[in-house]
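**Q** First the structure, which I've put down as structure tokens, then a few questions once you've had a look.
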Amino acid sequence: MIDGKEVNREAIYETFFRNGCVCVPGVFSAGEVTELRERTDRHAADPATAAKHLSYVGDTFVLRRCHELDPVFAAATEKETVLGLLAPILTTGIRFNAMNILRNGPGQAISTWHVDDLVEFPLPPEIPRFDPRIRMPVLWLTVQVALSDIDTLDHGPTEFVPGSHYSGRRPPPEDPPTFEGREPEAMLCRAGDVYLFNHQTWHRGRPNRSDRTRYLMQLQYAQRWADARFKGLA
């Protein structure tokens, strides 16, 4: 159950590990979404926030380390329904490690195809992909939380290439990229939905062609051992 709604958890994880991305509807309530969006705008307008927490990726506004700014943001990182979804993926224990909120006005997006940070399991050119029988390891992942409806292509959804986390490489230069004949898919969703995202999957933000602002909260969590090792605590 997710907030009273029946969900097929087995199908959620099968899709996540196979495609690299899966949507889970209705995890955050309408009231939670409204408050998170309003707090984003409030902090964005506060000059005291700018030095440490405001940045831009191209023309896209990013509010960083939000959990340090406001207890409402901090509470979102500890939401039990989110942590419950992560337990079968981050099997050594769940460690929160980052929180951002993206705000895209009309025409704005992080629209270059990419993987986040680096390719963790690179392959040489002569090996085309990892064996599909392997369940690719997940050291960390992002829980993307829609804070506005992103339910048409014009509203700037995340686009991803299913299965491309098996490629062992960055996206090719052609636009749009394909992996084994699979073309990009758009993650259409409503405010309050979340999608679990493997950052090794080729992805981008489609430009917002609508007349409204797109809000997307990003919660990042790591395997307990990996987070501790990276922070020198192991």
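The values are calculated or read from the model by the stated rules, or taken from the named source; none is laboratory data. All of these numbers come straight from a predicted model, not from anything done at the bench. As a convention, Cβ positions derive from the backbone with ideal geometry for all residues, glycine included, and neighbour counts pool all protein chains shown. These area figures cover heavy atoms from the full protein model, side chains too; ligands, DNA and RNA do not enter into them. Shrake-Rupley method; radii C 1.70, N 1.55, O 1.52, S 1.80 Å.
**Q** If V145 satisfies all but one of (1) of a type in the set (V, I, T); (2) in contact with a helix residue (DSSP H, G or I) (Cβ under 8 Å, 6 or more places away or on another chain); (3) within 13 Å of G20 (Cα to Cα), what's the number of the condition it fails?
**A** Only one criterion is unmet by V145, namely (3).
**Q** Pairs only if they're at least six apart or on different chains, beta carbon under 6 angstrom, first in the range 168-197 and without any contact (Cβ under 8 Å) to a residue 12 or more places away in the chain and farther than 26 Å from A146 by Cβ, second open to solvent by 20 Å² or more (accessible area, probe 1.4 Å) and not in a loop (DSSP other than H, G, I, E, B); list them, first residue then second.
**A** none
**Q** For the range 102-146, enumerate the residues that are part of a loop (DSSP other than H, G, I, E, B), under 25 Å from P88 (Cα atoms) and of a type in the set (A, V, I, L, M). Walk me through it before giving the result.
**A** Within the range 102-146, the first condition is being part of a loop (DSSP other than H, G, I, E, B), and the residues that meet it are 105-113, 115-139.
Add one more test, that the residue is under 25 Å from P88 (Cα atoms), and what stays is 115-122, 129-139.
Listed by number, the residues that qualify are V115, L118, V119, I134, M136, V138, L139.
Let's see how each residue does on (1) among the aliphatic types (A, V, I, L, M); (2) modelled with pLDDT under 95:
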position	(1), (2)
E180	no, no
E183	no, no
M187	yes, no
A191	yes, no
H199	no, no
R206	no, yes
L216	yes, no
Y221	no, no
F230	no, yes
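**Q** Looking only at the range 7-18, decide whether some residue is closer than 22 Å to N104 by Cβ and either touching a Gly at 6+ places or on another chain (Cβ under 6 Å) or surrounded by fewer than 12 Cβ atoms within 10 Å (Cβ to Cβ) (or both). Spell out how you get there, then give the answer.
**A** If we filter the range 7-18 for residues that are closer than 22 Å to N104 by Cβ, which is where we start, we get none.
So far as the range 7-18 goes, no, none of its residues is closer than 22 Å to N104 by Cβ and either touching a Gly at 6+ places or on another chain (Cβ under 6 Å) or surrounded by fewer than 12 Cβ atoms within 10 Å (Cβ to Cβ) (or both).
**Q** Would it be correct to say that Q144 is buried (at least 18 other Cβ atoms within 10 Å of the Cβ) and touching a Pro at 6+ places or on another chain (Cβ under 8 Å)?
**A** On the way: buried (at least 18 other Cβ atoms within 10 Å of the Cβ): yes; touching a Pro at 6+ places or on another chain (Cβ under 8 Å): no.
No; evaluated as a whole, the condition is false for this residue.
**Q** Hey, does the range 59-72 have a residue that's on the phi > 0 side of the Ramachandran plot and basic (K, R)? Walk me through how you get there before you give the answer.
**A** Of the residues in the range 59-72, the ones on the phi > 0 side of the Ramachandran plot are 65.
So of that shortlist, the ones also basic (K, R) come out as 65.
Looking for residues that are on the phi > 0 side of the Ramachandran plot and basic (K, R), one finds at least one in the range 59-72, hence yes.
**Q** Can you name every residue in the range 84-99 that is open to solvent by 20 Å² or more (accessible area, probe 1.4 Å) and either in contact with a Lys or Arg (Cβ under 6 Å, 6 or more places away or on another chain) or within 10 Å of Q223 (Cβ to Cβ) (or both)?
**A** Within the range 84-99, T91, T92, G93, I94, R95 qualify.
**Q** Here's another thing I want to ask about it. Of the numbered conditions (1) at pLDDT 95 or above; (2) within 19 Å of L102 (Cβ to Cβ), S210 fails exactly one; give the number of that condition.
**A** (1)
**Q** Mind checking which strands (runs of 3 or more DSSP E) fall wholly inside the range 149-234 and carry at least 1 residues that are open to solvent by 10 Å² or more (accessible area, probe 1.4 Å)? Outline the logic, then answer.
**A** Values: elements: 158-160, 194-197, 203-205, 214-223.
It comes to 158-160, 203-205, 214-223.
**Q** Here is a further query. Under 6 Å by Cβ, and 6 or more places apart or on different chains, what pairs join a residue from the range 55-70 that is over 18 Å from R39 (Cβ atoms) with one that is of a type in the set (K, R) and open to solvent by 70 Å² or more (accessible area, probe 1.4 Å)?
**A** If the second residue must be of a type in the set (K, R) and open to solvent by 70 Å² or more (accessible area, probe 1.4 Å), no pairs are left.
**Q** Counting only residues that are open to solvent by 70 Å² or more (accessible area, probe 1.4 Å) and of a type in the set (A, V, I, L, M, F, W, C), how many does the range 23-73 have?
**A** Number satisfying all stated conditions: 4.
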